[in-house]
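To start, the structure itself, in structure tokens.
The numbers here are math on the coordinates, done by the rules we state, and not lab data. Just so we're clear, the structure is a prediction, and the values are computed from it rather than from any experiment. Here Cβ is always computed from backbone atoms with ideal geometry, including for glycine, and neighbour counts include all displayed protein chains.
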Amino acid sequence: MNKMDFSKLVITIALVLVLFLCMDGSEGVSNSSGSLSVGDINPPFAHHKVNLSVYYDSLCKSCALFIIKDLRDIFDSSLISIVNLRLVPWANAYINNNNNSISCQNGPDECELNSLESCALNLWHKVDIQYELISCFEFLAIEGTINTWKEDCLNQLGLPEKPFLNCFNMGNGTQLGKTYINQTAQLYPSPLSVPWVVVNNQPVGNDYANFAQYVCKAYRGDAVPEVCNSP
């Protein structure tokens, strides 16, 4: 092969490589674009849930009735599918600056139950478990049989005792209570009564029994539960 033929061969190979790279690059772009589908692009607000916060005291009868009866509707009606539910005990408790202890509106028994419920909220992060356990506690509180919480609540729900008792006996529930108290103190406006129900940072005041209407009104997603279409 002479020098001229060799040069032509090199140029030919170079052109083939350039052409191949261009085709490969364009194919990559095509595949990348083709891999996108409507299902890959979330419509605006499609998964935006409404924040529903309930500030309460564990030995407050109106709070207990709201949790046991009214709040259960969010599970029975599938409203929970569009709600981030947050239960916050210790609403009317305060921290004593002199000794850093906590005083509760309804006395030491309420502080103890608040501590139990704080442990429940922080050990189990699934909202349905949190709700069922706290609802059970509140039911026993109304019945005046709260001392049977271990058998009637933990055991009935099939929840392990050891981590729960460790949390309570070590005083972690009370320490968590200080966090809840500080969070409640930062609310604006301050709670005027309990339960204090807040929907997307807006309190509903004394109309808390109709909280579902406020949740439906605040929701901006596409998958609207049937309850929001009810007259």
Positions within the range 80-118 being among the hydroxyl-bearing types (Ser, Thr, Tyr), closer than 20 Å to Cys167 by Cα and touching a strand residue (DSSP E or B) at 6+ places or on another chain (Cβ under 7 Å), in sequence order: Ser103
Within the range 45-75, can you find the residues that are under 21 Å from Arg220 (Cα atoms) and among the acidic types (Asp, Glu)? Asp73
Restricting to the range 186-229, and then to whatever is aliphatic (A, V, I, L, M) and part of a strand (DSSP E or B), can you tell me which residue is surrounded by the fewest Cβ atoms within 10 Å (Cβ to Cβ)? Val198
Yes or no: Ser135 in contact (Cβ under 8 Å) with a residue 12 or more places away in the chain, among the hydroxyl-bearing types (Ser, Thr, Tyr) and under 14 Å from Ile67 (Cβ atoms)? yes
Has the range 94-107 got at least one residue that is more than 17 Å from Tyr180 (Cα to Cα) and assigned to a helix (DSSP H, G or I)? no
From the list Thr184, Thr145, Thr174, which one is polar (S, T, N, Q) and without any contact (Cβ under 8 Å) to a residue 24 or more places away in the chain? Thr145
How many of the residues making up the range 148-170 are of a type in the set (Gly, Ala, Ser) and touching a residue at least 24 places away in the same chain (Cβ under 8 Å)? 0
Being under 16 Å from the mean Cα position of the chain (by Cα) and either hydrophobic (A, V, I, L, M, F, W, C) or closer than 17 Å to Leu159 by Cα (or both) narrows it down to one residue among Ile82, Ile102, Ile95; which is it? Ile82
